[in-house]
Amino acid sequence: MITTISKAKEVRPLVEKCITIARKGLLAEDAARQHGTTADRGSDAWKTWRKSDKYRARGTQPSPRPVTARRRCLQLLGDKQAVYVLFDAVAPRFTDRTGGYTRILRLAKPRLGDAGTRAIIEFVGVPRPRGRTQRSPDIRRRCAV
């Protein structure tokens, strides 16, 4: 995302916080899956699961409920599609990382009339495509040094 440095510095803590919440929520979902069932609600298998030790053990987990993490991110971002992308595509990339998910890169020269120096906010540790990538003419023009 290309923006000004001040806007990038403003949005960075929000992005970091959302990734942390999503990463912990994914861990909670994995822990909940161990104690869950795939049986249909109200079936005999489901009723048996409700009386089993797996059902009782699922409420004693110290991790927060997985739904709580998604609700908190929805509250912070305000967009359901952004929460889906966050939990499905972004957070799994950072499961082994504990912090510092983004960085701000300053672009060389500000354009005449710009309010400030332009910057790019990007994820750290995300593999980039190898070889020469084709950029759109609009991006090439905006990034000209």
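Annotation: of all residues in the range 67-102 being at pLDDT 90 or above and among the charged types (D, E, K, R), the one that is most open to solvent (accessible area, probe 1.4 Å) is 71. If the condition is being open to solvent by 80 Å² or more (accessible area, probe 1.4 Å) and under 14 Å from residue 68 (Cβ atoms), then the range 5-47 contributes 24, 27.
In the set (1) farther than 19 Å from residue 27 by Cβ; (2) charged (D, E, K, R); (3) part of a helix (DSSP H, G or I), the condition left unmet by residue 93 is number (1).
The values are calculated or read from the model by the stated rules, or taken from the named source; none is laboratory data. Note that the coordinates shown come from a computational prediction; the quantities given were computed from them, not determined experimentally. Quick reminder, even Gly has a Cβ in these numbers, built from the backbone with ideal geometry, and neighbours come from all protein chains shown. Protein only, heavy atoms only, side chains kept; ligands, DNA and RNA dropped before computing areas. Shrake-Rupley method; radii C 1.70, N 1.55, O 1.52, S 1.80 Å.
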